[in-house]
Amino acid sequence: MAAALERELDALYQLPLDRFTAARNELAKRLRADGQGEAAQQVKALRKPTAAVWLVNRLARDDELDIQRLLKAGESMTKTQAKVARGQSGEAFLEARREEQRALERLARAARKLADREGVGSSAIDRATQTLRAAALTEEGRKLLKRGRLTEELQPPGFEALTGLTFAPEPHAQAATADGQRGKLKEARESLRHLRTQERELRAAARAAARAADRAEAEAQHKREHAAAAQSAADQASGRVEAAEAELERLRQRT
């Protein structure tokens, strides 16, 4: 029974946002009718996801490959951060950070397409990207993301503490010259600075795109309202035509 309920909940979090509340209440009603009062109460208490969380949960199902890449990168970043803090090499952390960024870029594009298709506001895309990153950096978050069962937006922890760390060489490189070691350290720091700059630029571009999309969305809404008014006028005209035709037919029958 528990497994069946978990499958029902998985399906619930994949529904379009406008169907979530009704489906949740229906599931709670069925559980109560089956004598599962406690489960029904827990289901009834589930909050409707925000647009950003809904995008993340849908991506977990629709873009499984990139989600897996992000999860792997997030887990690697978490493990290698601890190694760097102990004075070991930072190369693995930097590579995991690069892979994380690549996965997030692909997922952000997929999120925008999904938002456009489903009529979700563009402001949710940046929050969805932040939630994706944050979920990938904790064990519990990775588990929920893998299942598409996140219930709230998350904020990613920062790795700013790593900026000033000295990346120690790998054991096999300990015999390298001091100049070579300094070169590797400089390269690692420059790579990390480059990634941070790239992240800031991508966020700025995302915000600019979101503002442009909001303007386009407002214009599209105005056009939809205009089209609806025109359709209403056409329907009224059609009604008048039908009435005139009926009156004509009545007059014909009298002659």
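In the range 77-93, is there at least one residue being modelled with pLDDT of 90 or more and either hydroxyl-bearing (Ser, Thr, Tyr) or open to solvent by less than 10 Å² (accessible area, probe 1.4 Å) (or both)? Steps first, please.
If we filter the range 77-93 for residues that are modelled with pLDDT of 90 or more, which is where we start, we get none.
Checked against the condition, which is being modelled with pLDDT of 90 or more and either hydroxyl-bearing (Ser, Thr, Tyr) or open to solvent by less than 10 Å² (accessible area, probe 1.4 Å) (or both), the range 77-93 yields no hits at all.
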Pairs with Cβ under 9 Å, 6+ apart, first in the range 107-125 and at pLDDT below 90 and part of a helix (DSSP H, G or I), second aromatic (Phe, Trp, Tyr) and crowded, with 19+ Cβ neighbours inside 10 Å: Glu118/Trp54
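Rundown of residues vs (1) part of a helix (DSSP H, G or I); (2) within 18 Å of Lys143 (Cα to Cα), yes/no style:
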site: Leu5; (1), (2): yes, yes
site: Asp10; (1), (2): yes, yes
site: Arg19; (1), (2): yes, no
site: Ala23; (1), (2): yes, no
site: Ala28; (1), (2): yes, no
site: Gln42; (1), (2): yes, no
site: Pro49; (1), (2): no, yes
site: Leu55; (1), (2): yes, yes
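Every residue in the range 236-255 that is open to solvent by 90 Å² or more (accessible area, probe 1.4 Å) and either at pLDDT 80 or above or under 49 Å from the mean Cα position of the chain (by Cα) (or both), please. Break it down stepwise before answering.
Step one: filter the range 236-255 for residues open to solvent by 90 Å² or more (accessible area, probe 1.4 Å), giving 236, 240, 242, 245, 252-255.
Passing the criteria: Gln236, Arg240, Glu242, Glu245, Arg252, Gln253.
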Residue match in the range 25-36 (condition: open to solvent by 40 Å² or more (accessible area, probe 1.4 Å), closer than 17 Å to Glu152 by Cα, over 17 Å from the mean Cα position of the chain (by Cα) and not β-branched (Val, Ile, Thr)): no
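The values are calculated or read from the model by the stated rules, or taken from the named source; none is laboratory data. These numbers were taken from a predicted model, which means no experiment stands behind them. In this analysis, Cβ positions are derived from the backbone assuming ideal geometry, glycine residues included, and neighbour counts consider all displayed protein chains. With ligands, DNA and RNA removed, areas are computed over all heavy atoms of the protein, side chains included. Shrake-Rupley method; radii C 1.70, N 1.55, O 1.52, S 1.80 Å.
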